[in-house]
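Some notes on the structure that comes next.
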Amino acid sequence: MDQETGRMTKRRKLGRDEPEPNNEPSTLDDWAVSSNDALCLRLGTVVSLHRYQCFKLSQSALVQPEDMDSEIDTFHPEFTYPVFGMEETINGYQNLKIKLYYAAGSLATYVGISYDNRRESNGSQQPDDIMALLSEKIPPGGGIAVDYHEFMRTVQEDEQTFVPFGTKMYEFESDGDVSYEVYKCTFKTPGFKEYHRRLQVFLLWFIEGASFLEENDERWEMALLFERQKKDEKSIYSIVGYATYYPFFHYPDRLRVRISQFIILPPYQARGHGERLYRVLYNDFFQRSDVAEMTVEDPNEAFQDLRDKCDLTWLIQQNAFVDLQPPVPGPTVKELATRFKLSKRQVERCIEMALLQNLKLKDKKAYQAYRMQVKRRIFRQNEEALMGLEKELRLEKLDETYVAVEEDHHRILARLK
């Protein structure tokens, strides 16, 4: 991207006596680029600002400032089909790179596009209009910079002015001058709608099947996790992740809160932030007198693992499983679900893992009782499909499923150690 005009440019620079290369692709496939590989995301943080300021001092003519990002700084999306189509392919370019950078606090956006070759328009074979496709999902509010220097000035302004929206729910300290804060927002929170429009684009990149919320429904609630760095008595905020949840009616006069979306951004993953955010949400729901139950909407495997680990750890700490032996009666399961505001199905999973953790496999009678308890739960949840099978095949499928469930329970239990 040309820093002065914002126009797309070729990265290759030719010497005075160097001829223009004849490297025109011979097939249409040579012009197809993976949009997952081409798109590079980045959060503009204090570290990148310092690197940028060093660049300005050196004024190197060999390196463009937006190209000074290490692999640690940038990350790629897992999905791009909501923007570039189900094939996740961009047509009409060679060696394409799309830089989609965000100010880590305000999420002001920079878009830079570069490539080595662009196919000439030929009738119906038109190169994809990348900016037009991005603009369908990236909101104009807050500004989209096509000049990197302008973008970095915004990052610098963030240091001085940006503060999170909403009401602080929780704060936990880390090492040195870094801490983490969780803020609760709704669409009634002043200024938050515009901020959320920029934030929710991350869902498209990292959650399969994600969709945008209906922002006219003001019952939606959000919990945003921020990193706070102290610098010269100033607090500098960077978005780490967030969750959305919705309150449904729970008979007779309370609420069932359902977590809908939950994401920790890649630069902050594998540091325990997901567990911290989940626990903040659960503690908030647990303490609210108007909430009867917390559920989760279609959790993927990674989130179910996080949920299992957090819920099981909490229930063990609360001595929820003391003296339980298989088979655990239904009223006991219901009582635990009510007391701890978890769904019956989730409590059943946690009971199974807790029993397995303490089960002496040499005790054949106890192990048989445990197997029967788990199989009854599996059958109940899959009754319609299983009853359509012959008895012998039905029993075989139950056995296979049980083995897989037990192995998965052992995998979760290993993470508690």
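The values are calculated or read from the model by the stated rules, or taken from the named source; none is laboratory data. Predicted model only: the values in this text are computed from it and were never measured. Every residue, glycine among them, receives a Cβ derived from its backbone with ideal geometry; neighbour counts consider all protein chains shown.
Number of residues in the range 297-331 that are touching a strand residue (DSSP E or B) at 6+ places or on another chain (Cβ under 7 Å) and either over 13 Å from residue 278 (Cα atoms) or among the hydrophobic types (A, V, I, L, M, F, W, C) (or both) equals 2. From the set of residues in the range 66-90 that are in a strand (DSSP E or B) and modelled with pLDDT of 95 or more, which is surrounded by the fewest Cβ atoms within 10 Å (Cβ to Cβ)? Ranking the qualifying residues of the range 66-90, first place goes to 89. The single condition from (1) within 29 Å of residue 219 (Cα to Cα); (2) surrounded by 19 or more Cβ atoms within 10 Å (Cβ to Cβ) that residue 154 fails is (1). Among strands (runs of 3 or more DSSP E) entirely within the range 179-281, having at least 1 residues that are touching a residue at least 12 places away in the same chain (Cβ under 8 Å) and touching a Lys or Arg at 6+ places or on another chain (Cβ under 6 Å) singles out 221-231, 234-250. Looking at 383, 406, 352, just one residue is crowded, with 17+ Cβ neighbours inside 10 Å and either of a type in the set (Asp, Glu) or touching a Gly at 6+ places or on another chain (Cβ under 7 Å) (or both), and that residue is 352.
A quick yes/no check of all residues on (1) at pLDDT 95 or above; (2) hydrophobic (A, V, I, L, M, F, W, C):
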position	(1), (2)
158	no, no
161	no, no
164	yes, no
169	yes, yes
176	no, no
208	no, no
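Among the residues of the range 321-332, those that are part of a loop (DSSP other than H, G, I, E, B), without any contact (Cβ under 8 Å) to a residue 12 or more places away in the chain and either farther than 14 Å from residue 376 by Cα or among the small types (Gly, Ala, Ser) (or both) comprise 322, 323. Residues in the range 228-240: is at least one more than 16 Å from residue 107 (Cβ to Cβ), touching a Leu at 6+ places or on another chain (Cβ under 7 Å) and buried (at least 18 other Cβ atoms within 10 Å of the Cβ)? Looking for residues that are more than 16 Å from residue 107 (Cβ to Cβ), touching a Leu at 6+ places or on another chain (Cβ under 7 Å) and buried (at least 18 other Cβ atoms within 10 Å of the Cβ), one finds none in the range 228-240, hence no. Would you mind telling me which numbered condition in (1) crowded, with 18+ Cβ neighbours inside 10 Å; (2) outside the structural domain of residue 229 (by TED's automatic domain parsing) residue 170 fails? Only one criterion is unmet by residue 170, namely (2). Residues considered: 330, 272. Of these, the only one that is in the same structural domain as residue 413 (by TED's automatic domain parsing), surrounded by fewer than 19 Cβ atoms within 10 Å (Cβ to Cβ) and small (Gly, Ala, Ser) is 330. Residues of the range 119-142 being of a type in the set (Gly, Ala, Ser), surrounded by 11 or more Cβ atoms within 10 Å (Cβ to Cβ) and closer than 20 Å to residue 39 by Cβ, which ones? Result: 135, 142.
Looking only at residues in the range 126-139 that are touching a Gly at 6+ places or on another chain (Cβ under 8 Å) and not charged (D, E, K, R), the one that is nearest to residue 91 (Cα to Cα) is 127.
The rows are residues; the columns are (1) charged (D, E, K, R); (2) surrounded by 16 or more Cβ atoms within 10 Å (Cβ to Cβ); (3) more than 24 Å from residue 318 (Cβ to Cβ); (4) under 22 Å from the mean Cα position of the chain (by Cα).
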position: 276; (1), (2), (3), (4): yes, yes, no, yes
position: 286; (1), (2), (3), (4): no, no, no, no
position: 295; (1), (2), (3), (4): no, yes, no, yes
position: 305; (1), (2), (3), (4): yes, yes, no, yes
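Being free of Cβ contacts under 8 Å to residues at least 40 places away in the same chain and assigned to a loop (DSSP other than H, G, I, E, B), is that true of even one residue in the range 150-173? For the range 150-173, residues free of Cβ contacts under 8 Å to residues at least 40 places away in the same chain and assigned to a loop (DSSP other than H, G, I, E, B): absent. Among the residues of the range 333-370, those that are more than 35 Å from the chain's Cα centre (by Cα) and either in a helix (DSSP H, G or I) or hydrophobic (A, V, I, L, M, F, W, C) (or both) comprise 359, 361, 364, 365, 366, 367, 368, 369, 370.
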